[in-house]
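A short reminder: the numbers here are calculations on the coordinates, not readings from a lab. None of these values were measured; they are calculated from a predicted model. Glycine also receives a Cβ, built like all others from the backbone with ideal geometry; neighbour counts cover every protein chain displayed.
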């Protein structure tokens with residue numbers, strides 16, 4: 001803020017000024033001729049020149065908090081949909097393909113449902129049948145894409161926590177112009193207590209699915 005104010009002062013007052021005065025707690029440089037004009041009467045051109053510069057400075061100093069607040073407020077706006085091409089209104093999300101070999105067949109359907117829910121809730125794109133949608137999002141869980149492993153511990157310690165890691169590969173296509181938007185990998189993990197058994201593991205899987213779906217949504221609507 002202080003540096004910003006100094007910049008405003010330099011914009012309003014001459015760069016070759018020599019003398020300084022105190023204005024609103026800030027030392028401002030003015031020309032010696034301007035200082036002398038204070039003693040020559042208020043009708044001098046130098047006096048009016050100084051007055052004009054100080055009036056501008058008062059206005060800018062009053063406006064500075066408003067400008068900064070407006071800038072901050074603008075930065076808080078959601079960028080949802082900001083990067084979606086104008087011809088893309090719908091997205092097809094076919095059933096996720098699971099090649100992980102993890103042994104839980106429900107994961108592919110659950111992840112698909114999470115993706116559809118995220119896009120539906122966001123509202124930037126409408127979910128439609130892949131045969132008529134403007135864009136197509138295909139998600140695959142690769143071989144060994146789901147890992148359930150103990151969290152690293154030091155020698156002699158008992159393992160009490162496991163980490164459920166889920167990796168997916170996503171391809172996002174423009175079906176209107178028959179081109180590829182992007183192709184990338186996403187990964188999320190969740191730790192859960194071994195003592196929680198299957199219920200804790202299922203919650204970790206759900207958390208990964210939710211986070212992956214959110215990551216993919218953000219990539220589809222704003223990360224080009």
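For the reader, a short list of remarks on this structure follows.
- Listed peptides 83-93, 178-188 appear in the order 83-93, 178-188 once ranked by packing, highest mean of other Cβ atoms within 10 Å at the front.
- For the peptides 208-217, 118-127, residues were scored by their other Cβ atoms within 10 Å and the scores averaged per peptide; the highest-first order is 208-217, 118-127.
- Considered as an equivalent ellipsoid built on the Cα gyration tensor, the range 128-224 has semi-axes of 35, 13, 10 Å, the largest given first.
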